[in-house]
Amino acid sequence: MAKDSTFYSALDPKRAYYIRKGLKVFKDKLFGKNAKDIKITVASSKLHQNFPPGAAGLIEEQELNHFVIYIVHKYTPTINDMLHTLAHEMGHAKDMYLKDLEQVKGGIMWRGRLFPNMSLHHAVQWEIRPWEVHAEGLRVFLMENYGQEISKEAKPYQAGRDEAEYKAKQTKKENASNK
């Protein structure tokens, strides 16, 4: 049985808890009985060498049935944002596991159709990347059916965290202007 790990270094323990919870729920719903054979690691985008600009998340298959999902904290400031990104990338994980989505020599293979001269992280419009449209559909399904409950549970914590960060920034600004 593959064990998931979350080593998102930019997260405090409470945020990591909600990401682990989302990872388990989404994985169980997408993979069903096969979930035990799949390992998914969630990592900070800082650990990725060539992260595409403007992307909130990215997935890579490290080895057979082991996927690493990278999340950009800058574009996912709330737990809800992180869960949305995680759900989208989990959609790619399912497609990669089923071999519906593969990076091949010369491009991307999506459900047997070659998209030449593209990579999984190619910056082109979503409409011409059906794997992105499909992952987005899975994100909507996961968040509407399972993720909103986790987001609601996290909301009081998130509100307190945001308020504390806001007060700290205001104090810093005031101290800077008093000098």
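The values are calculated or read from the model by the stated rules, or taken from the named source; none is laboratory data. None of the values given here were measured: they were computed from a predicted structure. Heads up, the Cβs are rebuilt from the backbone with ideal geometry, glycines too, and the neighbour counts pull from every protein chain shown.
Filtered by the rule that a residue be on the phi > 0 side of the Ramachandran plot and modelled with pLDDT of 95 or more, the stretch 69-109 gives a lone residue, Lys99.
Return the residue satisfying two criteria in turn: it lies in the stretch 2-27 and is part of a loop (DSSP other than H, G, I, E, B) and not hydroxyl-bearing (Ser, Thr, Tyr), and of such residues it is modelled with the lowest pLDDT. If you could, list the steps in order and put the result at the bottom.
So the first thing to find is which residues in the stretch 2-27 are part of a loop (DSSP other than H, G, I, E, B), and the list is 2-4, 7-12.
From the residues that got through so far, the ones that are not hydroxyl-bearing (Ser, Thr, Tyr) too are 2-4, 7, 10-12.
Values: Ala2: 64, Lys3: 66, Asp4: 68, Phe7: 60, Ala10: 57, Leu11: 64, Asp12: 73.
Among those that are part of a loop (DSSP other than H, G, I, E, B) and not hydroxyl-bearing (Ser, Thr, Tyr), it is Ala10.
Here is a yes/no grid of residues against (1) surrounded by 18 or more Cβ atoms within 10 Å (Cβ to Cβ); (2) in contact (Cβ under 8 Å) with a residue 40 or more places away in the chain; (3) touching a strand residue (DSSP E or B) at 6+ places or on another chain (Cβ under 6 Å):
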| position | (1), (2), (3) |
| --- | --- |
| Leu58 | yes, yes, yes |
| Asn65 | no, yes, no |
| Ile71 | yes, yes, yes |
| Thr76 | yes, no, no |
| Ala87 | yes, yes, no |
| Lys94 | yes, yes, no |
| Val104 | no, no, no |
| Asn117 | no, no, yes |
| Met143 | yes, yes, no |
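Looking across the stretch 119-136 at every residue that is farther than 30 Å from Lys152 by Cα and of a type in the set (A, V, I, L, M), the one that is surrounded by the most Cβ atoms within 10 Å (Cβ to Cβ) is identified as Leu120. Of all the listed residues (Leu30, Leu58), the sole one being in a helix (DSSP H, G or I) and within 23 Å of Leu98 (Cβ to Cβ) is Leu30.
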